[in-house]
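In what follows, a structure is listed as structure tokens, so that the remarks can point back to it.
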Amino acid sequence: MGEISIPPSPVRRDVVANRQEVESWVRQHLSGLYLEEPEEAHGSSSFFGGQDIADKALETLDITGYASKRSRVAPEALRGATRLSPYIRHGLLTLPEVWQAVKGGSYEDLKSFRNELLWQDYSRHLYNFLGRNSQEPIRYELSQIDTAMEIVEVLAYDEDMECLRRCNEELRESGWLVNQTRMWMASHHSIREGQPFDIGEDEFFRHLLDGSRAANRLGWQWVAGTLTGRPYGFSRSQVTRQAPQWCNECALRSRCPIDTMPDSPEYVVRRESASLRIQEDLGPKAEIKDGPDADCVWLTAELLSLRQSALVQNPNLPAVFVFDRALLGQLRLSFKRLVFLAETLFAIGAERTLELHVGDPTEVLSGRRIAATWTPVPGWKKRQKNLNITELHPWPWLCVSKGVISLGSFSAWSKAAVFADGRRHNFR
Ligand SMILES: Cc1cc2nc3c(=O)[nH]c(=O)nc-3n(C[C@H](O)[C@H](O)[C@H](O)COP(=O)(O)OP(=O)(O)OC[C@H]3O[C@@H](n4cnc5c(N)ncnc54)[C@H](O)[C@@H]3O)c2cc1C
């Protein structure tokens, strides 16, 4: 079967103090399944996984100044981004929890921050509907493709450019970037260099601790213009505003290769907005029990909160997590992503019985009666068809739709979406 079961160790409450142990665990058990050579592999320089750490980040969250500082890049001390994304991506913090917990700041700060939470939810709705088709241009495509152009298999940029060199370094060392530098890198790659966005998107996905097909694809498509028919252009002016010292320190400051905006490509409509007016399948609204009691709770990287109802309602059942060998072999995620995941899992193992496996989830879970949460990603939807799920819990959407809804644009969607209890979302 090629599947191994691993005792869930090192089980630690204090993952921060045990980074080295977690790293050696990942080296031992997930050998050959990550991107880097073992001697170059390291955990994130600035994030640790685990429910306690996610909760602390939320408790101490203060969004004062968020609206004006969200895009600030350097110096780091002036950044307004909250850095919650790795915890939100892995469902340690759900969007409704973050929406409720946010404090500090003016009405403008609150509105700006909650609007971003809506973007995250929108990306999940779009991915729920499009699934793997989201790798194709969503609404617009280039009217002409330069077939003679050489395709580079990495993020395209000149290493002498201090701005993009620093962004790349942060991506690789910490596994996180502020939204602004994600836009710079994505724009440089796909607009100025004219490279296909999916190559850059895959490279982000391998390194970002918050890397999700939902938000990452939406971000790349938004920048590349395939969502709106307008690209995001990147030039020196953004660096001068958001990271002025990087420009001053750049070897190319007197002959900046991005002094002016890149030419905008031309687009044609690929998919009419009307075809994105749909009746969404959002999974069950309440828990569904079907058959005998479950004997385990199946966890995936989409939802690792200790507060999820499948775990809370089954305190004595083991939680089961399967590192999908075939999938990881194909994705080749950066080691730091796997360390973050392992830290998060060990923190669960410190609270309750946890089984860890490396193998094929459907084989590992075959013959078991499973409690699980309905999950809006194609991999989960496909696998659950072959499993005996006797207890199904609802996904923690921030917003839901009533009847037919348009996913054609964020503003159309966010105007029509409501909270699960039917209330209209209000930024206050
Ligand atoms: C090219 C590109 C790729 C991206 N890839 C990802 C990705 O893989 N995963 C991911 O979660 N986000 C992605 N984003 C969105 C955004 O850049 C990150 O969510 C944000 O930078 C995370 O930092 P933060 O937690 O400090 O965000 P904050 O600014 O503090 O925002 C709070 C939360 O709102 C959500 N959010 C903020 N901005 C966006 C946005 N534009 N789209 C969707 N959600 C948002 C995130 O959950 C974030 O944690 C991408 C954006 C671009 C332009």
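The values are calculated or read from the model by the stated rules, or taken from the named source; none is laboratory data. This one's a predicted model, so the numbers in the text were calculated from it and none came from an experiment. Neighbour counts run over all protein chains shown; Cβ positions are idealised from the backbone, glycine included.
For Gly408, work out the one condition from (1) outside any strand (DSSP E or B); (2) at pLDDT 95 or above; (3) surrounded by 16 or more Cβ atoms within 10 Å (Cβ to Cβ) it doesn't fulfil. With respect to (1) outside any strand (DSSP E or B); (2) at pLDDT 95 or above; (3) surrounded by 16 or more Cβ atoms within 10 Å (Cβ to Cβ), Gly408 is out only on (2). In this entry, Arg83 is excluded by the filter for residues that are more than 19 Å from Ser212 (Cβ to Cβ) and either in contact (Cβ under 8 Å) with a residue 40 or more places away in the chain or of a type in the set (Val, Ile, Thr) (or both).
Criterion applied to Ser406, Ser401, Ser411 was being without any contact (Cβ under 8 Å) to a residue 12 or more places away in the chain and polar (S, T, N, Q), and the one residue passing it is Ser411. For Gln195, the conditions (1) farther than 23 Å from Gln135 by Cβ; (2) assigned to a loop (DSSP other than H, G, I, E, B); (3) within 14 Å of the ligand (Cβ to nearest atom); (4) not hydroxyl-bearing (Ser, Thr, Tyr) all hold with the exception of (1).
Residue count for the range 365-378 satisfying the condition of being farther than 17 Å from Arg307 by Cα and surrounded by 22 or more Cβ atoms within 10 Å (Cβ to Cβ): 1.
Could you check the range 300-317 and list, in sequence order, the residues that are in a loop (DSSP other than H, G, I, E, B) and either at pLDDT below 95 or of a type in the set (Gly, Ala, Ser) (or both)? Passing the criteria: Ala301, Ser305. Any residue at all in the range 386-398 that's in a strand (DSSP E or B) and under 27 Å from Gln221 (Cβ atoms)? Checked against the condition, which is being in a strand (DSSP E or B) and under 27 Å from Gln221 (Cβ atoms), the range 386-398 yields no hits at all. Scanning the range 144-164 turns up no residue that is under 25 Å from Arg72 (Cβ atoms), part of a helix (DSSP H, G or I), at pLDDT 95 or above and within 12 Å of the ligand (Cβ to nearest atom).
Residues that are surrounded by fewer than 16 Cβ atoms within 10 Å (Cβ to Cβ) and under 21 Å from Leu209 (Cα atoms) do occur in the range 331-346, at least one of them.
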